[in-house]
1. I need the full set of residues from the range A:127-155 which are open to solvent by 70 Å² or more (accessible area, probe 1.4 Å) and among the polar types (S, T, N, Q), in order please.
2. Do we have any residue at all in the range B:299-307 that's assigned to a helix (DSSP H, G or I), at negative phi, crowded, with 16+ Cβ neighbours inside 10 Å and at pLDDT 95 or above?
3. Take the residues in the range B:118-146 that are aliphatic (A, V, I, L, M) and not in a helix (DSSP H, G or I), then tell me which one is farthest from B:Leu308 (Cα to Cα).
4. Only one of A:Thr22, A:Thr72, A:Thr83, A:Thr77 is within 7 Å of chain B (Cβ to nearest Cβ), of a type in the set (S, T, N, Q) and either in contact with a strand residue (DSSP E or B) (Cβ under 7 Å, 6 or more places away or on another chain) or surrounded by 23 or more Cβ atoms within 10 Å (Cβ to Cβ) (or both). Can you tell me which?
5. Pull up the range A:261-279, narrow it to residues that are open to solvent by 10 Å² or more (accessible area, probe 1.4 Å) and within 7 Å of another protein chain (Cβ to nearest Cβ), then point me to the one that is farthest from the chain's Cα centre (by Cα).
6. Give the number of residues within the range A:222-247 that are more than 12 Å from chain B (Cβ to nearest Cβ) and either of a type in the set (A, V, I, L, M) or buried (at least 24 other Cβ atoms within 10 Å of the Cβ) (or both).
7. So, A:Gly346, is that one farther than 21 Å from A:Pro37 by Cα and at pLDDT 95 or above or not?
8. Residues being touching a Gly at 6+ places or on another chain (Cβ under 7 Å) and open to solvent by less than 20 Å² (accessible area, probe 1.4 Å): count how many of those fall in the range B:372-386.
Number of protein chains: 2
Amino acid sequence: MASLNLQAVCNDHRIQLDPINTPSRLLLGPGPSNAHPTVLQALARPPIGHLDPAYLNLMTEVQEMLRYVWQTDNRITIPVSGTGSAAMEASIANSVEPGDVVLVGVNGYFGRRLVDMADRYGADVRTMERPMGQCFSLDEIRLALETHHPAILALVHAETSSGVRQPLEGVAELCSRSGTLLLVDCVTSLGAIPLFLDAWGVDLAYSCSQKGLSCPPGCSPFSMGPRAEQKLADRKGKVANWYLDMSLLNAYWGCDRVYHHTAPVNMNFGIREALRLLCEEGVEAAWARHRHNAERLWDGLQSLGLRLVVDEEIRLHTLTTAYIPEGVDGKAFARALLDEEGIEIGGGLGDLAGKVWRFGLMGHNSRSEHVDRLLGLLKQRLAAQGALA
Amino acid sequence: MASLNLQAVCNDHRIQLDPINTPSRLLLGPGPSNAHPTVLQALARPPIGHLDPAYLNLMTEVQEMLRYVWQTDNRITIPVSGTGSAAMEASIANSVEPGDVVLVGVNGYFGRRLVDMADRYGADVRTMERPMGQCFSLDEIRLALETHHPAILALVHAETSSGVRQPLEGVAELCSRSGTLLLVDCVTSLGAIPLFLDAWGVDLAYSCSQKGLSCPPGCSPFSMGPRAEQKLADRKGKVANWYLDMSLLNAYWGCDRVYHHTAPVNMNFGIREALRLLCEEGVEAAWARHRHNAERLWDGLQSLGLRLVVDEEIRLHTLTTAYIPEGVDGKAFARALLDEEGIEIGGGLGDLAGKVWRFGLMGHNSRSEHVDRLLGLLKQRLAAQGALA
């Protein structure tokens, strides 16, 4: 032991801080969204072991409720131990083998991220492209499938950067002709807009905890169907990612309960409660609530003269993009709303950077009083800048 | 919208549960360990945005306090958004290029995991092996370095599966002769036993939140020094892992604050408080406390006739392995302790499976009253089975 004490401790980085005192915010941007108070209380429960019988039981509950929310019977349906991008990477890492042709529908920032990820796993990546604010038609998808014969087609159900909903009905039928797996980004749709993994023939899907589920970010729903499981079983090499390898993770989440990694147990306490509340409300009611409040917001924004980016038919109920009125400094406006009212709204990403605001109404935050408060403040502040139509 | 409502919702998996009611446990196994009550309260704070100025400030605080706890000036010192294995994978993914020779010291389960991970990133993996319970001498390390000329040497500072501390003083000097980076697993040592990243010349290190730091699992300290940063900058291809790519992550955690992924903000609230408490106590005091309580446990276990696996000189102060007395069903004994007393202890892993118990005294749980309670119960229960020496 003596040798261990020879080294003097350096106190250069030893700062002395006051107890944490983060501000209270109403999060009406692209996410995270506010968590339900019941969920926050669950996070503060004392941790238990990741192999404790009580925890194993909680895992079963979480998986079953996730199947309901995803509308799937998929055996491998779990929360990944990371935020939404980790679940996105899990979907790529477990399905892509080097050389696989992966066709990605890129109509925003998150489609672009899928391209980057698939490339890192050795895919031969092809893209279909659409400007931000638009989606892909079945005809375009059919043509691209016939051109590229991909092993995987990746689409973003809810493009958080633009506010576009990609219709998915009929896509799986096209995929089946070329033996293509359908992979779908549901980060901004799960629990908030209609989603039917099994009926729509989705093979791989991922989401997050901090939007439709009203839980803080940190564990992220993932589901893979039988065809994707088969591709995983048949692959020649190991999954090129240990932490997210579903063949190992399924031995923990499945019947065997073999230790893989120490789970983020408190985050799972939170998502358990978030899912319990959603099962109580029912997904139809949650979907209707999101639709109702989104429509209230759209009407209000348009009465203020704001122009919405996305056509109503494919506009997300969770996230609305509106052009910043001419003459308004969108960034300064958002910052003042945060500093003076404690309300967070989002700016644009990618091609829409600097041009739009993004307004989120997700999970617990999809409530008419929030819509009305936001609209009232926009009206007042835009008027003060002479920017009201 | 009409088409979205044509599909009927299936309620097969819609279970109705009571509010969460996880049991209270005293976690005296290999981890997770109990969290400090102040940390748990921080977890329950309402989330704020990952680009909120208040959150960016909290990130700076967390990084600075991590540098103190790690005893390093490393610029890239962050909590990875996952549990300890994600931070382990970050250390491999960011340092290994395909074909690199990686030498791993394997004297337990977690060394074996490093081999698996390095292999997935295309390393040419070589191993030094030692039975569980032993560590590597400087002579062995020198010989192995001369034999393999590795790009990276990976050692486990605190082998959670056996309870062995690997002395690290002098290893970096040997590594420098072959231009080898030193990568160290500190999952069960950070904040609890002496550790000096810079003085010991460690290039890459990772840990977890749920042991020495008294926080639940879910975000995991990681640090990389200038030589490792240079190797990252010089690599030919992208890091084969998007979520853990430090060249992207550093643009968020560094001065630029460029969005990478949505951070697990509440977990970071927790680790901020955990680190604040550790800065308040001081690492020397925390190390001394762990040593003191470990010695109290060792004395007690030995008085009960239990044989410890690891020699005192290299025995961890955080985790003690003891052989299960002859005639005792170790698994049933541990389960009874959990069910009847709410105390979790661990079983063996790998070659020690079924042969040992693992007793953890980490962070907030390294307290004499816990030691005494555990020893009292062991005495009583072993006596009842006629297994007391």
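1. Keep residues of the range A:127-155 that are open to solvent by 70 Å² or more (accessible area, probe 1.4 Å), which gives A:129-131, A:134, A:138-139, A:142-143, A:146-147, A:149.
Once the filter is applied, which keeps residues that are open to solvent by 70 Å² or more (accessible area, probe 1.4 Å) and among the polar types (S, T, N, Q), the range A:127-155 yields A:Gln134, A:Thr147.
2. Taking the range B:299-307 first, the residues assigned to a helix (DSSP H, G or I) are B:299-303.
Now drop any that are not at negative phi, which leaves B:299-303.
Filter once more, so that each one left must be crowded, with 16+ Cβ neighbours inside 10 Å: B:300-301.
Filter once more, so that each one left must be at pLDDT 95 or above: B:300-301.
Taking every residue of the range B:299-307 in turn, at least one turns out to be assigned to a helix (DSSP H, G or I), at negative phi, crowded, with 16+ Cβ neighbours inside 10 Å and at pLDDT 95 or above.
3. The first filter runs over the range B:118-146 and keeps only residues aliphatic (A, V, I, L, M), leaving B:118, B:123, B:125, B:128, B:132, B:138, B:141, B:143-145.
Applying the additional criterion that residues be not in a helix (DSSP H, G or I) yields B:123, B:125, B:128, B:132.
Values: B:Ala123: 36, B:Val125: 32, B:Met128: 24, B:Met132: 13 Å.
Result: B:Ala123.
4. Details: A:Thr22 fails: either in contact with a strand residue (DSSP E or B) (Cβ under 7 Å, 6 or more places away or on another chain) or surrounded by 23 or more Cβ atoms within 10 Å (Cβ to Cβ) (or both); A:Thr72 fails: within 7 Å of chain B (Cβ to nearest Cβ); A:Thr77 fails: within 7 Å of chain B (Cβ to nearest Cβ).
After ruling out the rest, the residue left standing is A:Thr83.
5. Here the answer is A:Thr262.
6. Residues flagged as more than 12 Å from chain B (Cβ to nearest Cβ) and either of a type in the set (A, V, I, L, M) or buried (at least 24 other Cβ atoms within 10 Å of the Cβ) (or both) within the range A:222-247 amount to 6.
7. yes
8. Total satisfying the criteria: 0.
The values are calculated or read from the model by the stated rules, or taken from the named source; none is laboratory data. If you're wondering where the values come from, they're calculated on a predicted model, not measured in any experiment. When we count neighbours, we look across all protein chains shown, and the Cβ atoms used for this are built from the backbone with ideal geometry, even at glycine. These accessible areas exclude ligands, DNA and RNA; they are computed on the full protein's heavy atoms, side chains included. Shrake-Rupley method; radii C 1.70, N 1.55, O 1.52, S 1.80 Å.
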